[in-house]
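Written out below as structure tokens is the structure these notes cover.
Coordinate-derived values only; no laboratory data. The shown structure was predicted, so the numbers you read here are calculated from the model rather than taken from an experiment. Here Cβ is always computed from backbone atoms with ideal geometry, including for glycine, and neighbour counts include all displayed protein chains.
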Amino acid sequence: MNEQTLPLRYTQNFLKSTRLVDKIVSLAAIDPAATVLEVGPGKGIITHALAQRVGENGRVIAVELDAQLAAGLRHTCQPFPQIEIVQADILRFDVGQITRPYYLFSNIPFSITAPLLTHLLTPTTGPQQAHLILQRDTLIASSKWGDNDTFKAMLIRPLYDIALVHAFARSDFAPSPGVETALFAFTRRNRPLVSPADYALYQDFMAFVSKDRVGEGAWRKLFSKKQIAMLGKQSALVVGRGLKSQSAVAMIAAFDTFITHNRPRIPMIAGALQALRKEQQRKEKIDRRGGHRRRR
């Protein structure tokens with residue numbers, strides 16, 4: 001089965017140079033004898049580098065969806081007993097079974113980025129550190145006001161510090177991607193900015209207000225005008241602008257105000273993230289089919 005006949009979620013851009021792979025794996029500073037989870041190992045160019053990094057006393061758990069690729073990996077990884085190949089859908093894989101703390105290092109399929117980040121970077125079962133190759137605009141929003149966090153980045157910020165540590169050339173991959181890519185580092189916070197007990201609620205809050213500018217629509221359903229004005233003065237929330245103009249710190253402050261003073265309105269936001277994900281999936285299906293087409 002070649003890449004052209006695979007569904008979109010199965011396709012991936014793979015790194016070509018072992019020298020480049022060694023460089024980016026070294027940037028992760030993974031401890032010897034550590035446990036590392038890898039998603040979508042493909043033919044194993046990163047898997048082998050991770051195995052050498054952790055040594056014989058370490059463990060690399062490589063989760064590959066494609067059965068043919070997984071079979072090939074079991075053959076090529078025989079010299080590395082510390083590598084465990086798991087043929088499974090990572091979105092159905094129980095990360096909780098991995099002994100913590102562990103590292104995450106992956107060149108993930110771009111088509112499952114959003115659900116994968118939600119599945120892996122959690123308050124309870126997430127890694128202590130992750131290095132992920134992603135589209136640059138997955139986490140960095142560029143606008144006329146400069147670069148800022150995207151919605152996805154703001155969902156992660158309460159749990160992890162995020163940094164871009166390496167920018168790739170498109171020629172580094174086969175096939176060459178049509179987007180700018182980068183290696184992002186995620187370092188787990190010793191003290192999360194949102195309590196684990198409230199994290200799911202924070203995600204729903206973010207999804208609920210994400211489509212409106214501050215001070216309009218959803219915001220006015222959750223906050224009074226006085227509260228919005230106060231947030232604009234005290235937390236640097238930019239009134240009258242959308243999410244691309246806001247900082248994660250300001251959004252977390254808005255959430256703190258909401259759960260502290262407006263708890264009776266919590267039912268309004270329940271399930272908002274799930275609803276947003278369904279809407280995004282619907283749009284993606286339309287895009288794959290070539291967009292909206294009129295009947296003739």
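With +1 assigned to the C-beta of every Lys and Arg and -1 to the C-beta of every Asp and Glu, and no other charges, what is the dipole magnitude of segment 196-285 about the Cα centre in debye, to the nearest 20?
About 340 debye.
Which far-off residues, 5 or more places away or on another chain, put their amide H under 5 Å from the one on R59, with H placed in the peptide plane?
Those qualifying (amide H under 5 Å, at least 5 residues apart or on another chain) are A34, T35, V36.
Short version: what are the Cα gyration tensor semi-axes of the chain, square root of 5 times each eigenvalue, largest first, in whole Å?
The three semi-axes for the chain are 36, 23, 17 Å.
For the pair V165 and T122, what calculated FRET efficiency results from E = 1/(1 + (r/R0)^6), where r is the Cβ-Cβ distance and R0 = 35 Å, to the nearest 0.05?
0.95
Where does each of 101-107, 236-242 land if you order them by average Cβ count within 10 Å, highest first?
Working: 101-107: 22.0, 236-242: 15.7.
Descending mean neighbour count gives 101-107, 236-242.
Which whole-Hz couplings ³J(HN,Hα) result when phi for each residue of segment 202-207 is put into the Karplus expression 6.51 cos²θ - 1.76 cosθ + 1.60, θ = phi - 60°, listed in order with x for Gly and Pro?
Result, ordered by residue: 4, 4, 5, 4, 4, 5 Hz.
What do you get for the angle between helix 225-234 and the principal long axis of the chain? Use alpha-carbon atoms, 0 to 90 degrees, nearest ten.
60 degrees
Report the label-to-label distance for I266 and R188 in nanometres (one decimal), using points 7 Å from each Cα along the Cα→Cβ vector.
Calculated label separation equals 2.5 nm.
For segment 83-95, just list the computed ³J(HN,Hα) in residue order, Karplus coefficients 6.51, -1.76 and 1.60, θ = phi - 60°, integers in Hz, with x standing in for Gly and Pro.
Residue by residue, segment 83-95 yields 8, 10, 8, 10, 8, 6, 7, 4, 6, 10, 7, 7, 5 Hz.
Give me the log10 of I(q) over I(0) for segment 139-296 at q = 0.19 Å⁻¹, as the Debye formula computes it from C-alpha points; what are the numbers?
Rounded to two decimals, the profile gives -1.27.
Between the alpha-carbon centers of segment 10-45 and segment 132-181, tell me the distance in whole angstrom.
Answer, in whole Å: 18.
Distance between the C-alpha centers of segment 51-126 and segment 199-278? Whole Å please.
After rounding, the separation between the Cα centres reads 35 Å.
What pairs in K211/K285; K221/K278; K23/K285 have C-alpha atoms more than 26 Å from each other? Don't jump to the answer; show the numbers that get you there.
On the way: K211/K285 20 Å; K221/K278 22 Å; K23/K285 37 Å.
Listed pairs above 26 Å: K23/K285.
If I model a spin label at S176 and A88 as a point 7 Å from the Cα along the Cα→Cβ vector, what separation in nanometres do I get?
The modelled label-to-label distance comes out at 3.8 nm.
Could you tally the net charge around D149, taking each other residue with its Cβ under 13 Å from the Cβ of D149, Lys/Arg +1 and Asp/Glu -1?
+1
List the residues, sorted by chain then number, that are 5 or more residues from Y160 or on another chain and whose placed amide H is less than 5 Å from its amide H.
Residues meeting the amide H criterion: R189.
Could you list T35, T125 so that the one with the fewest beta carbons within 10 Å of its beta carbon is first and the one with the most is last?
Starting with the residue having the fewest Cβ neighbours, the order is T125, T35.
Which one of G215, Q203, F255 has its Cα pushed farthest toward the positive end of the charge dipole of segment 196-285, where Lys and Arg give +1 and Asp and Glu give -1 at the Cβ?
With unit charges placed on the Cβ atoms, the residue in question is G215.
Please name whichever of Q52, V21, P79 sits farthest to the positive end of the charge dipole of the chain, dipole taken about the Cα centre and charges placed at Cβ: Lys and Arg +1, Asp and Glu -1.
Of the options given, the answer is V21.
Using C-alpha positions alone, give me the convex hull volume of segment 96-216 per residue in cubic angstrom.
Numbers: hull volume 16.4 nm³, N = 121.
Per-residue hull volume (Cα only) is 135 Å³.
Using θ = phi - 60° and the Karplus form 6.51 cos²θ - 1.76 cosθ + 1.60, what ³J(HN,Hα) does each residue of segment 99-109 get, whole Hz, x for Gly and Pro?
Once θ is set to phi - 60°, the couplings for segment 99-109 become 5, 8, x, 9, 9, 10, 9, 7, 9, 8, x Hz.
May I ask you to order 116-123, 190-197 by the average number of other C-beta atoms within 10 Å around their residues, highest value first?
116-123, 190-197
With only alpha-carbon atoms in the gyration tensor, what are the semi-axes of the equivalent ellipsoid for segment 196-285, in Å, largest first?
They are 21, 15, 12 Å, listed largest first.
In debye, nearest 20, what is the charge dipole magnitude of segment 1-127 about its Cα centre with +1 on Lys and Arg Cβ and -1 on Asp and Glu Cβ, if you could check?
My answer is approximately 220 debye.
Roughly what angle does helix 18-27 make with the longest principal axis of the chain, taking Cα atoms, 0 to 90 degrees, to the nearest 10?
50 degrees
Please build a GNM for the chain, connecting alpha carbons under 10 Å apart, and tell me which residue among R189, R59, R19 fluctuates the most.
R19
Report, for the chain, the % of DSSP beta bridges that are antiparallel, rounded to 5.
55 percent
Net charge near I266, counting Lys/Arg +1 and Asp/Glu -1 over other residues with Cβ under 15 Å of its Cβ?
Counting the neighbours of I266, the net charge comes to 0.
Just need the relative contact order of segment 3-188 here, percent rounded to a whole number, with Cα pairs under 8 Å and 6+ apart.
Contact order relative to length: 21 percent.
Find the Rg to Rh ratio for segment 31-100, where Rh is the Kirkwood radius over alpha-carbon pairs and Rg uses the same atoms.
0.94
List every residue whose amide H lies under 5 Å from the amide H of N107, counting only residues 5 or more places away in sequence or on a different chain, with H placed 1.01 Å from N in the peptide plane.
Close amide H contacts, sequence-distant or interchain: V39, I133.
Please arrange V60, V209 by how many other C-beta atoms lie within 10 Å of their C-beta, fewest to most.
Exposure proxy ranking, most exposed first: V209, V60.
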